[in-house]
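Here the structure comes first, spelled out in structure tokens, and everything after it is commentary.
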Amino acid sequence: MHSSTVLIAVALLTGCMGAAAQKENNNLKTINMDTSKLSNPTVKAAFQAWQEGDSTLWLSYFTADAQLLDDGHPRDFPNFSTEAIGHERFTSIDIVKDSGRSVYGQFHSDTWGDFKTYFKFHLDANGKIYKLEIGQAEY
């Protein structure tokens with residue numbers, strides 16, 4: 001092999017590795033986004049567990065009988081939590097309301113694609129989440 005051919009091969013390989021690293025970094029940015037807008041510590045911690053795909057940690061912030069409303073319709077919360085987590089995530093936090101308990105942003109679902117959504121967390125007197133409202137958002 002000529003030295004110029006080797007140099008071209010090395011340059012191509014390095015470029016491919018750089019593109020793979022960039023893709024990996026982009027995925028990490030999606031999961032590990034800036035959560036400084038989230039002012040409620042329980043919501044922030046639960047949100048980060050969701051983003052990281054950690055269903056055990058996510059569920060630890062909720063009461064045992066937590067309710068889930070999806071566009072106003074009741075759903076099985078534990079089933080949703082174990083099936084959706086790791087396959088759905090926020091890609092941006094656009095609006096935070098209600099003393100940090102309502103989060104609006106761009107969302108990605110491996111099943112449903114990309115859309116705007118909201119997660120509204122309702123906390124009891126002990127700081128546990130007893131109800132989560134989710135749905136498509138218009139803003």
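No value in this document is a laboratory result; all are computed from the given coordinates. Everything numeric here is computed off the predicted structure, so don't read it as measured data. Reconstructed Cβ throughout: ideal geometry from the backbone, glycine too, with neighbour counts over all protein chains shown.
So how far apart, in nm, are the two label points at residue 80 and residue 67 if each is 7 Å from Cα heading toward Cβ?
1.2
Normalised by the residues of the range 57-128, what does the relative contact order come to in percent, with Cα pairs under 8 Å and at least six apart?
For the range 57-128, the relative contact order is 21 percent.
Is the C-alpha gyration tensor of the range 66-130 telling us rounded, prolate or oblate? Criteria: a/c under 1.5 is rounded; beyond that, a/b larger than b/c is prolate, otherwise oblate.
oblate
Order by neighbour count: 50, 112, fewest other Cβ atoms within 10 Å first, most last.
Values: 50 23, 112 12.
Placing the least packed residue first, the sequence is 112, 50.
Can you put 60, 55 in order, fewest other beta carbons within 10 Å first?
With the sparsest Cβ surroundings first, the list reads 60, 55.
Let a ≥ b ≥ c be the square roots of the eigenvalues of the Cα gyration tensor of the range 29-99; is it rounded (a/c under 1.5), or, if not, prolate (a/b larger than b/c) or oblate?
Verdict is prolate for the range 29-99.
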